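Written below as structure tokens is the structure these notes are about.
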Amino acid sequence: MPSLKDLRNRIASVKATQKITKAMQMVAAAKLRRAQSSAEAARPYAERMGVVLSNLAGSIAPGAGGPGLLTGTGQDSTHLLVVCTAERGLCGGFNTSIVRLAREHAAQLLAQGKKVKIICVGKKGYDQLKRNYESHIIELIELRAVKNLAFSNADPIGRKIVALFHEGEFDVCTLFFSRFKSVIAQIPTALQLIPADVTTGGDKAAGTGHGAAAQVGSVNYDFEPDESEILADLLPRNISVQVFRALLENAASEQGARMSAMDNATRNAGEMIKKQTTKYNRSRQAMITKELIEIISGAEAL
Amino acid sequence: MSSFHFEIVAPEKLMFSGSVQSVTFASSEGEMTVFANHAPLMAMLKPGIITVNEEGGAVQKLFVKGGFADVAPTGLTVLAETALPLADLNAAAIDTHIADAQTDLDVAKTLESKRLASEKLDQMRELKAALAL
């Protein structure tokens with residue numbers, strides 16, 4: 001049986017924790033609004049990019065053996081996994097669910113006898129992945145210092161992936177991040193970057209974009225300067241855009257996950273305070289009763 | 001005069017979307033103007049000014065730092081690398097872009113990327129001179 005003082009201390013400490021979680025929840029809510037609007041603002045670009053790419057891919061003569069970024073190396077032996085996670089914890093299962101998806105993917109590939117290389121974006125994913133896959137991790141990119149994600153943060157990552165591809169370091173590249181569906185639902189997603197998954201990307205974009213009518217193959221494009229040069233510029237850019245989009249979606253998801261995790265924590269703390277307070281009051285009253293009985297029985301004995 | 005749909009999107013956001021009469025931009029092969037019912041065309045942009053003649057007669061000028069123009073039957077879409085209203089562009093901003101281009105050139109390894117980077121740098125300098133900033 002804890003003493004009254006123990007209970008008082010306990011209640012005070014839980015109250016302090018509750019204040020912290022409450023503050024974190026409110027900060028996350030404010031950040032979420034910002035992250036969500038920038039994620040939404042970035043969507044049109046990625047969608048139009050998808051439409052433009054599928055237009056291009058459609059107008060390229062089949063069998064002409066387009067650039068590697070579009071068609072891949074034709075092999076499937078080395079996979080690069082780009083795992084985007086948060087820089088901070090205390091956001092529920094957010095990091096874990098992305099890492100779990102990546103880990104399953106990696107285990108599957110390794111079981112098939114393929115080589116796996118991993119680039120971690122975000123420290124939390126690195127911490128979790130290095131336990132099993134340290135030898136596979138080739139790089140850790142930290143975005144801790146970044147307050148507002150800009151395209152210039154994603155561009156170097158995209159360029160690095162493209163450079164690695166040209167050096168023949170991998171054949172297939174997959175991007176892992178969490179898609180922001182709503183505050184309570186974030187979906188861990190694997191997106192294949194190289195070879196470009198143009199058809200699905202284009203269809204999806206066309207469904208929402210205005211360019212639905214301008215679909216694959218229906219138009220004959222003029223190119224200025226020419227097809228291959230445009231593609232050579234557009235494809236690496238598309239990689240950067242996809243990475244940028246993943247980072248933005250991730251940022252929004254992270255804040256959403258943190259907000260609901262902190263909401264839960266605040267509620268749990270509230271419940272705990274209530275329980276402890278009842279316990280405290282009960283034992284206080286029991287103590288008073290006990291003392292009274294002692295006094296009365298002492299008086300009666302006289 | 002008939003109008004068509006025009007959109008300019010930067011990675012961060014949608015800059016402009018609406019009906020326009022004509023759009024003038026600097027493609028890699030030279031300046032061009034697009035009116036309604038233009039043949040499908042894909043062009044690379046170089047750093048420069050995009051002039052938008054809106055349907056109501058208003059004129060907007062935007063600065064872009066490279067990108068792509070996609071002329072489709074449904075309209076014109078510009079995927080810009082960086083875009084901002086011309087009014088917001090000042091000497092300091094363009095100098096940072098020039099410095100960026102310079103670092104790109106410095107880190108470029110292959111001949112091809114060096115050529116591209118130096119081309120970009122020259123275009124930026126030209127633009128700065130043209131705007132007399």
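The values are calculated or read from the model by the stated rules, or taken from the named source; none is laboratory data. Owing to the predicted nature of the structure, the values given are computational and were not obtained by experimental measurement. Here the Cβ is made from the backbone with ideal geometry for all residues, glycine too, and neighbour counts use every protein chain on show.
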Original post:
Which number in (1) assigned by TED's automatic domain parsing to the domain that holds B:Phe35; (2) surrounded by fewer than 19 Cβ atoms within 10 Å (Cβ to Cβ); (3) without any contact (Cβ under 8 Å) to a residue 24 or more places away in the chain marks the one condition that B:Gly67 misses?
Top reply: (2)
**OP:** Those residues that are assigned to a strand (DSSP E or B), surrounded by 15 or more Cβ atoms within 10 Å (Cβ to Cβ), within 12 Å of another protein chain (Cβ to nearest Cβ) and not aromatic (Phe, Trp, Tyr), I need them from the stretch B:20-33; list them, please.
**Re:** B:Ala26, B:Ser27, B:Met32
Original post:
Out of curiosity, is B:Ala87 within 11 Å of chain A (Cβ to nearest Cβ) and closer than 26 Å to B:Thr33 by Cα?
Top reply: no
**OP:** Give the residue that is modelled with the lowest pLDDT, with candidates limited to residues of the stretch A:216-238 that are part of a loop (DSSP other than H, G, I, E, B) and more than 7 Å from chain B (Cβ to nearest Cβ).
**Re:** A:Val216
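For B:Lys61, are the conditions met, namely being among the charged types (D, E, K, R) and either modelled with pLDDT under 80 or assigned to a helix (DSSP H, G or I) (or both)? Don't jump to the end; show me each part of the working.
Values: among the charged types (D, E, K, R): yes; either modelled with pLDDT under 80 or assigned to a helix (DSSP H, G or I) (or both): no.
Against the criterion (among the charged types (D, E, K, R) and either modelled with pLDDT under 80 or assigned to a helix (DSSP H, G or I) (or both)), B:Lys61 does not qualify.
Starting from residues that are small (Gly, Ala, Ser) and more than 7 Å from chain B (Cβ to nearest Cβ), keep the ones in the stretch A:39-57 and report whichever is nearest to A:Gly68 (Cα to Cα).
Filtering the stretch A:39-57 for residues that are small (Gly, Ala, Ser) and more than 7 Å from chain B (Cβ to nearest Cβ), the one nearest to A:Gly68 (Cα to Cα) comes out as A:Ala57.
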Original post:
Restricting attention to the stretch B:78-133, and to residues there that are under 19 Å from the mean Cα position of the chain (by Cα), part of a helix (DSSP H, G or I) and β-branched (Val, Ile, Thr), which single residue is surrounded by the most Cβ atoms within 10 Å (Cβ to Cβ)?
Top reply: B:Ile94
Original post:
With respect to the numbered conditions (1) modelled with pLDDT under 85; (2) within 11 Å of another protein chain (Cβ to nearest Cβ), which one is the sole condition not fulfilled by B:Ala99?
Top reply: (2)
